[in-house]
Amino acid sequence: MGLRAGYKQTDVGVIPEDWDDARLGAVCMLVNGRGFKPHEWGNFGYPIIRIQNLNGSDDFNYFSGRFNPKLIVENDQLLFAWSGSRGTSFGPHIWRGQTAVLNYHTWKVITFDKRIDARFFFHALRQLTKSIEDAAHGASALVHTQKREMENYLVPVPQSLDEQRAIAAALSDADALIASLDALIAKKRDLKQAAMQQLLTGKTRLPGFAGDRVERSLAEVCLKIQDGTHFSPVSGGNDFLYITSKNIGFGQLELRQTERISAIEHAKIYARCDTKVGDLLLTKDGANTGNAALNTIAEPISLLSSVAFIRFPTDRHDPAFFLYQILSSAGQKQIKEQMSGNAITRLTLQKIKALRFKVPQLSEQSAIAAILSDMDAELTTLEARRDKAHAVKQGMMQELLTGRIRLV
């Protein structure tokens, strides 16, 4: 099958005939930062741009001594962190801040104006970053590349500056949409945290509710608290879901990596730990101790010992209310306090039973849970929109930065 009309085969793949496969060293200059020593830091002068500042931190060290003017970074300058964490700090950044000086581990990327638009180049470098990471030096998470290696990478570049600018504008618009959704999600999360603080503590009461709340331990309000098997079941079988701590997220089940076991193995576990739909599941061992979610799985499931279920009498207590209590900052603080002094991260059943919360009547519990659940649903919808916008952006980058779709 021949090439599409108007396209050519190059070292970077098939691109339009009026595009070039440009070597980075031919279209830009990489200026490295300086390693400012701790004894040079101060409280005034120019802020020093470190990797953490490229990720949004406004915690700066300052330098007021003499330095090479090439280290000056103005707002809107294209930078490239050549040492950092995959998928976060490593790669291109646009500096959004006051005039500053550049620390080591980051290049100032100076494009040659007559050949390439800096905004377009930012997106081209983002598209290239995964390949650079894959070939970079260092551990799996923290990687670095070298200047001579960087300069030899090739990128497809339209000869027309107008086309470069059109591509940059389209991708910047997509970035702006994602940023606006991220900001809205952050705002909604803050509102939810404030609502949890007010409603769960009783500082704010919903209309129609009054009266004192009584502090109760989980042992006082629950029908049963039990953890799963302390012995790993025999592997194999496809009859029943086998849930471990990795499946308990912070507020919801995460079932993408579930295991299944045979009916025989399930029966051994279920005789001791008869988890039912509607039970509150709480992780009690491991790095995510304190994560909790309601069991929404209709079929019987088996639990590993790293997960406990908490069952409430639903004619007196709403499990969702206690889920939000456990996930609240006060609830998480209690859990950390219960684990303090332990050599390993672990909650015993006795310590789970000792967790205490102020408990209103069932009707108020359910009303509070409904409000917080609605806020969660709104967040889930916004996060899905944000994730879809990310996916659309990735598709746009692939199409626009290779010339498969032309804007000019």
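General observations
- Region 148-186, subset open to solvent by 60 Å² or more (accessible area, probe 1.4 Å) and touching a Gly at 6+ places or on another chain (Cβ under 9 Å), residue nearest to PHE112 (Cα to Cα): ASN152
- When the criteria are applied in full, PHE357 meets the requirement of being in contact with a Phe, Trp or Tyr (Cβ under 8 Å, 6 or more places away or on another chain), of a type outside the set (Gly, Ala, Ser), open to solvent by less than 20 Å² (accessible area, probe 1.4 Å) and more than 30 Å from ILE264 (Cα to Cα).
- Of GLU17, GLU74, all but one fail to be among the acidic types (Asp, Glu) and under 34 Å from the mean Cα position of the chain (by Cα); the exception is GLU74.
- Those strands (runs of 3 or more DSSP E) of region 274-372 in which 2 or more residues are modelled with pLDDT of 95 or more occupy 280-283, 292-294, 307-311, 356-359.
- Only one entry of GLY286, GLY290, GLY278 meets the criterion of being open to solvent by less than 50 Å² (accessible area, probe 1.4 Å), more than 22 Å from THR345 (Cβ to Cβ) and in contact (Cβ under 8 Å) with a residue 40 or more places away in the chain, and that entry is GLY278.
- Residues in region 131-147 that are surrounded by fewer than 17 Cβ atoms within 10 Å (Cβ to Cβ) and polar (S, T, N, Q): SER131, SER140, GLN146.
- In region 188-212, the residues that are free of Cβ contacts under 8 Å to residues at least 60 places away in the same chain never reach a residue that is among the acidic types (Asp, Glu) and open to solvent by less than 50 Å² (accessible area, probe 1.4 Å) with C-beta atoms less than 6 angstrom apart, at least six apart or across chains.
- The single condition among (1) exposed (fewer than 14 other Cβ atoms within 10 Å of the Cβ); (2) touching a helix residue (DSSP H, G or I) at 6+ places or on another chain (Cβ under 8 Å); (3) modelled with pLDDT of 95 or more that LEU255 does not meet is (3).
- Failed item, numbered, when ASP20 is tested on (1) closer than 25 Å to LYS147 by Cα; (2) touching a Phe, Trp or Tyr at 6+ places or on another chain (Cβ under 8 Å); (3) surrounded by 14 or more Cβ atoms within 10 Å (Cβ to Cβ): (2)
- Taking region 1-32 as the range and being free of Cβ contacts under 8 Å to residues at least 40 places away in the same chain and in a strand (DSSP E or B) as the test, the residues that pass are LYS8, GLN9.
- When region 67-125 is limited to residues that are in a helix (DSSP H, G or I) and more than 25 Å from LEU154 (Cβ to Cβ), the one that is least open to solvent (accessible area, probe 1.4 Å) turns out to be LEU71.
- Every pair of residues 6+ apart whose Cβ atoms lie under 8 Å, when the first sits in region 345-362 and is within 18 Å of ALA219 (Cβ to Cβ) and touching a residue at least 60 places away in the same chain (Cβ under 8 Å) while the second is β-branched (Val, Ile, Thr) and loosely packed, with under 14 Cβ neighbours inside 10 Å: LYS358/VAL214; VAL359/VAL214
- LEU223 under 33 Å from the mean Cα position of the chain (by Cα) and either surrounded by 12 or more Cβ atoms within 10 Å (Cβ to Cβ) or over 21 Å from ILE371 (Cβ atoms) (or both): no
- Within the span defined as region 325-341, every residue fails to be of a type in the set (D, E, K, R) and closer than 19 Å to CYS222 by Cα.
- Residue within region 215-231 that is at pLDDT 90 or above and β-branched (Val, Ile, Thr) present: yes
- Looking only at region 367-382, residues that are within 15 Å of the chain's Cα centre (by Cα) and open to solvent by 50 Å² or more (accessible area, probe 1.4 Å) come to 1 in all.
- In region 79-99, the residues that are β-branched (Val, Ile, Thr) reach residues that are crowded, with 18+ Cβ neighbours inside 10 Å with C-beta atoms within less than 8 angstrom, at least six apart or across chains, in these pairs: ILE94/GLN77; ILE94/LEU78; ILE94/LEU79; ILE94/PHE122; THR99/TYR46; THR99/VAL73.
- Of all the criteria given as (1) in contact with a His (Cβ under 6 Å, 6 or more places away or on another chain); (2) under 18 Å from SER328 (Cα atoms), the one not satisfied by LEU282 is (1).
The values are calculated or read from the model by the stated rules, or taken from the named source; none is laboratory data. For clarity, every value in this text was computed on a predicted model and none was experimentally measured. Using ideal geometry, Cβ is built from the backbone for each residue, glycine included, and neighbour counts are taken over all protein chains shown. Remember, those area values only see protein heavy atoms, side chains included, never the ligands or the DNA or RNA. Shrake-Rupley method; radii C 1.70, N 1.55, O 1.52, S 1.80 Å.
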